[in-house]
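Here is the structure we will look at, set down as C-alpha cells.
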Amino acid sequence: MGPDPFQLFDEWFALARASEPNDANAMALATAGADGQPHVRMVLLKGHGPDGFVFYTNEESAKGDQLGENQRAALLFHWKSLRRQVRIEGPVESAPAGEADSYFASRSRDSQLGAWASDQSRPLESRAHFEARYEEMKHRFEGGDVPRPGHWGGYRVIPERIEFWTDRPHRLHERRLFTRAPDGGWYEGLLYP
C-alpha cells in the first residue's frame, strides 16, 4: 500500500486538537474569481477524509461567488503550538445537501438564525440593521426548528496536493509533498525548505 496523507493528517490534527488553545480546525481558505484576484480568509474545517476537506458558508457570499466562477481552492492549517503547517490544493465541489442539513442542524440556534439574517459579505448600513434582521428571524422561527437556508451549504476541497511542513532550527524546515496519482493513489516526495 502506498503513502496515505490522510492518515498523517489525522495524526497531526489529533495533536493539534490537544495542543492548540483555540480552533484547531481553523484553516485559511484561498479562492480566486474569474478575474484571478486572490482572496483569503479563515474558515472552520467541519469534515474531512479521503474524499476531501469540508467547510460550510453562505453560498451567496464573496467566497461562494468566487467558487462559482473558479472551482479551485487552497487551504492552509497553521498550528503554531506544534510549529507545523498543512497546505492543501485542489478542485472544489458542493457538499451533498443531506450533509449540509445535518451540519446545520448541529449548530447553535443563534448561529442558525444568524445564517438567515446575514447577507454575508454584502455591504451593511449599520450593525443595528443586522441586529434588527436577527430579531426578525427569532420571531419568524419562534417555537419551531430553524431550517437550513437555501443559500447556505458546504464545499469540499478535493486534494490534488497536500504538503506537510515542519519547522526545523535555522529555517532548515522539513517539507513532505503528497501528489495525487492518475490512479487515485499518492506519490510522496520532499521539497527544499
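The values are calculated or read from the model by the stated rules, or taken from the named source; none is laboratory data. None of these values were measured; they are calculated from a predicted model. Please note: Cβ atoms are built from the backbone with ideal geometry, for glycine as well, and neighbour counts cover all protein chains shown. When the accessible area is computed, the model is the full protein with side chains, heavy atoms only, and any ligands, DNA or RNA have been set aside. Shrake-Rupley method; radii C 1.70, N 1.55, O 1.52, S 1.80 Å.
Only one of PRO123, PRO91 is farther than 30 Å from GLU174 by Cβ and either more than 14 Å from the chain's Cα centre (by Cα) or not basic (Lys, Arg) (or both); which?
PRO123
Restricting attention to strands (runs of 3 or more DSSP E) lying wholly within the stretch 1-97, give those where 1 or more residues are under 21 Å from ASP167 (Cβ atoms) and open to solvent by 30 Å² or more (accessible area, probe 1.4 Å). Lay out the reasoning, then the answer.
Working: elements: 26-32, 38-44, 47-49, 52-58, 72-79, 84-94.
The qualifying strands (runs of 3 or more DSSP E) are 38-44, 72-79, 84-94.
Can you find a residue that is free of Cβ contacts under 8 Å to residues at least 60 places away in the same chain, part of a strand (DSSP E or B) and more than 29 Å from ASN70 (Cα to Cα) anywhere in the stretch 104-114?
no
Considering only residues that are farther than 14 Å from ASN58 by Cβ and either under 21 Å from the mean Cα position of the chain (by Cα) or part of a strand (DSSP E or B) (or both), which ones fall in the stretch 130-167?
ARG156, VAL157, ILE158, PRO159, GLU160, ARG161, ILE162, GLU163, PHE164, TRP165, THR166
If GLU188 passes every condition in (1) among the charged types (D, E, K, R); (2) part of a loop (DSSP other than H, G, I, E, B); (3) closer than 18 Å to ILE88 by Cα but one, which one does it miss?
Going through (1) among the charged types (D, E, K, R); (2) part of a loop (DSSP other than H, G, I, E, B); (3) closer than 18 Å to ILE88 by Cα one by one, GLU188 breaks only (2).
If we scan the stretch 6-22, do we find a residue that is under 13 Å from the mean Cα position of the chain (by Cα) and in contact (Cβ under 8 Å) with a residue 24 or more places away in the chain?
no
Is there a residue being open to solvent by 80 Å² or more (accessible area, probe 1.4 Å) and either within 22 Å of LEU29 (Cβ to Cβ) or touching a helix residue (DSSP H, G or I) at 6+ places or on another chain (Cβ under 6 Å) (or both) anywhere in the stretch 107-118?
Looking through the stretch 107-118, none of the residues is open to solvent by 80 Å² or more (accessible area, probe 1.4 Å) and either within 22 Å of LEU29 (Cβ to Cβ) or touching a helix residue (DSSP H, G or I) at 6+ places or on another chain (Cβ under 6 Å) (or both).
Which of the residues that make up the stretch 168-185 are open to solvent by less than 40 Å² (accessible area, probe 1.4 Å) and in a loop (DSSP other than H, G, I, E, B)?
Answer for the stretch 168-185, where residues must be open to solvent by less than 40 Å² (accessible area, probe 1.4 Å) and in a loop (DSSP other than H, G, I, E, B): HIS173, ALA181, GLY184, GLY185.
With respect to ALA132, determine if the residue is in contact with a strand residue (DSSP E or B) (Cβ under 6 Å, 6 or more places away or on another chain), free of Cβ contacts under 8 Å to residues at least 60 places away in the same chain, of a type in the set (Gly, Ala, Ser) and on the phi < 0 side of the Ramachandran plot.
Details: in contact with a strand residue (DSSP E or B) (Cβ under 6 Å, 6 or more places away or on another chain): no; free of Cβ contacts under 8 Å to residues at least 60 places away in the same chain: yes; of a type in the set (Gly, Ala, Ser): yes; on the phi < 0 side of the Ramachandran plot: yes.
Against the criterion (in contact with a strand residue (DSSP E or B) (Cβ under 6 Å, 6 or more places away or on another chain), free of Cβ contacts under 8 Å to residues at least 60 places away in the same chain, of a type in the set (Gly, Ala, Ser) and on the phi < 0 side of the Ramachandran plot), ALA132 does not qualify.
Out of the residues in the stretch 138-154 that are of a type in the set (D, E, K, R) and over 23 Å from LEU67 (Cβ atoms), state the one that is least open to solvent (accessible area, probe 1.4 Å).
Looking at residues that are of a type in the set (D, E, K, R) and over 23 Å from LEU67 (Cβ atoms), I get LYS138.
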